[in-house]
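Here's the structure, in structure tokens; my notes come after.
Every number in this text was worked out from the coordinates using simple rules, so none of it is lab data. Computed from a predicted model, the values in this text were never measured in an experiment. Note that each Cβ is placed from the backbone with ideal geometry, even for glycine, and that neighbours are counted across all protein chains shown.
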């Protein structure tokens, strides 16, 4: 019985980290879709600003990754950004718009990291009031912004499990598992 429990525990841990990876990828995807919809709705720029990422992807290191969903003060060339929800009557509340995978963060996800993005001006994905991607052409890799969520437990086991979240110039957001 103990052997079966041991085997089951190992399988559960592996499946749990895969589940967490997909949960984080869906959360990032949903925040990008929400940002685009909010830009269309408010007629202002909206961005998802990436605060931290895991540049080394060391399987022995803790999870890393954080981002904010923010609304700009203009339709183009915003100079001030307000993290969701939009502040009303001077009351500052950023609980909805902050995501943190870090240890102790609201969305803590053990062994799951946001990989370092190739190059994003201002470390953000910006949507225009028309729902289009407002980033400069240099931010695009093969016509899209590419972000990856990585399962570090799988890396420690010699497997490469990751989910790619993409945003194309038209503002459409996609998500797919990356085959090694």
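For the reader, a short list of remarks on this structure follows.
- Its Kirkwood hydrodynamic radius, worked out from the mean inverse distance over all distinct Cα pairs, puts the stretch 52-143 at 15.1 Å.
- Entry note, the chain: the mean residue ellipticity at 222 nm calculated from DSSP H runs of n ≥ 4, each adding -39500 (n - 2.57), is -9000 deg cm²/dmol after division by the residues and rounding to the nearest 500.
- Taking a point 7 Å from the Cα of residue 86 along the Cα-to-Cβ direction, none of the residues of the stretch 136-178 has its backbone N closer than 19 Å to it.
- Among [x] 35, 23, 15; [y] 33, 18, 13; [z] 30, 19, 17, the entry derived from the coordinates for semi-axes √(5λ) of the Cα gyration tensor in Å: [y]
- Computed from the C-beta positions of residue 22 and residue 43 and an R0 of 45 Å, the FRET efficiency is 0.85 to the nearest 0.05.
- Helix 2-42 axis versus longest C-alpha principal axis of the chain: approximately 10°, rounded to the nearest ten.
- Candidates 65, 143, 131: whichever shows maximal mean-square fluctuation once the chain is modelled as a Gaussian network with Cα springs under 10 Å: 143
- The slack between residue 119 and residue 137, meaning 0.36 nm per residue of separation minus the straight C-alpha distance, is 5.4 nm.
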